[in-house]
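Data block below; observations after.
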Amino acid sequence: AGSLYESLADDPRAGVWAQRAALELAKIHFSMGRYQAARDVIQEARLSSSSDEAALFLGMASVMTGDFESAIAPLEGIRRGRHPTWAMVTLAEAEPGAGRTDEACRLYESLAQARVNPAAWYRYGECLEADGRAAAAREEYAALANAYPQTPEAIRCAGKLSPAPEAPAPPRDDAETNAVPAGAEPPTTPPLRPPAPRTTSRSAPSIPTIRP
């Protein structure tokens, strides 16, 4: 399929089919982890200016290659387009890499309030924790686990909500165990007494019988 899409994308006679083939080729590259190749196809065919889907894949591929600054412009352009949720989720992932963590948390808050994406909702809880709002974070984790009980985020929320195990008491050494409290008299050791002499009981010698 990739070869077919590639030949159509390169055919100047294909017209609109060439653009569609190029987008499908970019999506194949993305699904196989070839993120830079996906970016190259979309940019060379200039797809992102006319297709929300192409702009979304360009933004996602840019995030996956670590080019966060390049991801922001195409994603910002489709926040109110056909794929608003995925555009905002990906944009929130790009913002910290571009040095805008506060903006990422604002996006996560909007997504958490809409309750449309458990991963973004969990990220909002982490934003609250990082801001020192532990009680508010626990409320979000509890609500998320209740709304999406079958998701990996629900399992992670359970870990956040479970109480931390108490640390075991450190072992006490003999010196600490036998220490004398301040102000107390040390215990006295009773004096040793010599052992009493042992008495050996002897039986009387037997008298021999004298016969006449």
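The values are calculated or read from the model by the stated rules, or taken from the named source; none is laboratory data. This structure is a prediction, so every number in the text was calculated from the model and none was measured. Here the Cβ is made from the backbone with ideal geometry for all residues, glycine too, and neighbour counts use every protein chain on show.
Observations on the model:
- Any pair with Cβ under 9 angstrom, 6 or more apart, that starts in the stretch 35-50 at a residue that is under 14 Å from residue 20 (Cα atoms) and ends at one that is acidic (Asp, Glu): 41/6; 47/53
- Summed over the stretch 120-162, residues that are within 13 Å of residue 105 (Cα to Cα), surrounded by fewer than 16 Cβ atoms within 10 Å (Cβ to Cβ) and of a type in the set (A, V, I, L, M, F, W, C) total 1.
- Note on the stretch 128-185: among residues that are β-branched (Val, Ile, Thr) and part of a helix (DSSP H, G or I), the one that is modelled with the highest pLDDT is 155.
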